[in-house]
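Enquirer: Please see the structure below; I have some questions.
The values are calculated or read from the model by the stated rules, or taken from the named source; none is laboratory data. Predicted model only: the values in this text are computed from it and were never measured. Here Cβ is always computed from backbone atoms with ideal geometry, including for glycine, and neighbour counts include all displayed protein chains. Ligands, DNA and RNA are excluded from the accessible area calculation, which covers all protein heavy atoms including side chains. Shrake-Rupley method; radii C 1.70, N 1.55, O 1.52, S 1.80 Å.
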Amino acid sequence: MSNSKKKFFVLYLTTIGLPLLGLIVIFRHGNKLVASIAIANSWKMVPGSGSGPQMFSSGLLVLQLAVILAACAFMGLIFRRLHQPRVIGEMIAGIFLGPSFLGWVAPSLSSHLFPPASLGSLNALSQLGLVLFMFLVGLELNLKELKTQKGVAVFTSHVSITMPLVLGALLALYLYPRLSSSSISFTRFGLFMGAAMSITAFPVLARILAERRLLQSPIATAAITCAAVDDVTGWCIVAYIIFLARSTGSTIAVWLTVAGTLIFAVLMIYAVRPLLRRFQFFIHAGNEPGGDSMLLILIFVLLAAFCSEWLGVHLLFGAFLLGAVMPKEQAFVRSITEQLGPVVKTLLLPLFFAFTGLRTNISLISGTQMWFYCILILFVAIAGKFGGSTFAAWCMGMPLREAAALGMLMNTRGLMELVILNIGLDIGIISPALFSMMVIMALFTTLMATPLLDLIYYRKLDSLPRLQSLAGQTNDSAA
């Protein structure tokens, strides 16, 4: 074994292997902790979490849609003028429509415009938007490209998962007795906090790189690769948490769920994927997807989502997996994205932002102690993601400025974080107060990405040839 390989092995073991072993100690200690029982009552007050029938007026639903779209368009325009991605404005618009702002400034208007009984239909539409969005995320994820990435991208992606995961679990030791319920095991709580800290907003990151004209740079390749690996890993952890939360304790039910999920994944990869290739060839006879072929694709997405939900995981995982196994021919992917993207991004996703905002109540973060928890969450999130990614890239030989720029990109959470937080709230892993703190963390880490990237990277491309040479050297040394 060459010296370079030995150094890489030692570095990998020190920065990834040892922290993962530390998780065992964290969970052993955490399972001895006792959580607060009083906080459990607040779970019942979460808007949109009820399972009973909800009455709504069609006219009210149409009015809600108009208000939500107008607010998202207005805030999106403002943030575009501030050189921020439009999605950040839409996220903040959702917060403004909830109890944190509208419910505080005009409680009567808020109760008439968004009565609790009407949120069921809003939630259903937002879930449909998330299913289609996760399909598009999986569609744009090219697993073959991930296999070819080495050096900086691979090592940084692994560290950017491990560090936030371990720090999130370590933070859970402090927060579990104070912000959780005795009905939630520390294992589920700690895993969720770690997974939530590990997520990177793949779509927002790509949009920032496109607006900065950095998509063809080596730093963009490393960032997109790391973000894709992080999201896949984070979603796998969340799937396991959902499985734990939904299991009834019956050994037969547990093994049936595990076996069914594995069979479903295998069938999607080895049976459905070849059929989709034939489907792609068939529709290419008609140039590009459209009409009946797009209708079939939508049916496939909904059926895949239903299968994963029926298996006890979550409907989003089926949609994401279908997108991941779809053919990756550029014209095919572009055609589907161009047809589904506008409807999902301009109509359905704003509904999800509004629904998230209606569930976010910043007034729950009252008092010095609660704000201390919020700041602590923010600090740990930045230290784990930004610090871990920057340190890993720097250890692989990337100059500090470029390594910090990569770390800042990886610290972007955005929409993907909100999706996971809503799942955690729905299955009862986190309380509404902790949910609101985590939403603030997601917004802050996404907002800080663009201005700090400009500050660190100076929006110049004069160092790209040096980075290209560096990327080649690190690839050779890690091979």
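Enquirer: How far apart, in nm, are the 7 Å Cα→Cβ label points at residue 18 and residue 343?
Expert: Output for this residue pair reads 5.3 nm.
Enquirer: Treat each spin label as a single point 7 Å out from the Cα along the C-beta direction, and report the residue 9 to residue 78 distance in nm.
Expert: So the label points at residue 9 and residue 78 sit 5.7 nm apart.
Enquirer: Once the convex hull of the C-alpha atoms of region 363-460 is built, how many Å³ does it hold per residue, rounded to a whole number? Intermediate values should be presented prior to the final figure.
Expert: On the way: hull volume 10.4 nm³, N = 98.
Per residue, the Cα convex hull of region 363-460 comes to 106 Å³.
Enquirer: So, for region 321-451, what is the accessible surface per residue at a probe of 1.4 Å, expressed in square angstrom?
Expert: On the way: 3790 Å² over 131 residues.
Dividing the accessible area of region 321-451 by its residue count gives 29 Å².
Enquirer: Taking every Cα atom in region 98-139, find the radius of gyration and the maximum pairwise distance Dmax, and write them in Å.
Expert: Cα radius of gyration and Dmax of region 98-139 are 14.4, 43 Å respectively.
Enquirer: Chymotrypsin sites (Phe, Trp or Tyr not before Pro) within region 56-87: which are DSSP loop residues with at most 16 other Cβ atoms inside 10 Å? Display every interim value, and only then the final one.
Expert: On the way: sites: 56, 74, 79; in loops: 56.
Qualifying residues, ordered by number: 56.
Enquirer: Step through the table entries 345/385; 6/32; 7/385, compare each Cα-Cα distance with 29 Å, and write down the pairs that go over it. Could the numbers behind the result be given before it?
Expert: Numbers: 345/385 27 Å; 6/32 39 Å; 7/385 23 Å.
From the list (345/385; 6/32; 7/385), the Cα-Cα distance tops 29 Å for 6/32.
Enquirer: Order 402-411, 301-310 from most to least packed using the mean count of other Cβ atoms within 10 Å.
Expert: Working: 402-411: 27.2, 301-310: 19.1.
So the order, starting with the most tightly packed, is 402-411, 301-310.
Enquirer: A further question follows. What Kirkwood Rh does region 78-205 have if only Cα atoms enter the pairwise 1/r average? Answer in Å.
Expert: Details: mean 1/r = 0.0538 Å⁻¹.
Taking every pair of different Cα atoms in region 78-205, averaging 1/r and inverting gives 18.6 Å.
Enquirer: Need the full-extension length gain, residue 34 to residue 124, defined as separation in residues times 0.36 nm minus the C-alpha distance. One decimal, nm. Provide the component values of the computation, followed by the final result.
Expert: Working: separation 90, 0.36 × 90 = 32.40 nm, distance 3.55 nm.
Extending this stretch completely gives an extra 28.8 nm.
Enquirer: Would you calculate the separation in nanometres between label points at residue 210 and residue 236, each defined as 7 Å from the Cα along the Cα-to-beta-carbon direction?
Expert: Label-label distance for residue 210 and residue 236, simple model: 2.8 nm.
Enquirer: Among 223-232, 125-134, 112-121, how do they line up from the highest to the lowest mean number of other beta-carbon atoms within 10 Å? Could the numbers behind the result be given before it?
Expert: On the way: 223-232: 24.4, 125-134: 22.1, 112-121: 17.3.
Per-residue mean Cβ counts within 10 Å order the peptides as 223-232, 125-134, 112-121.
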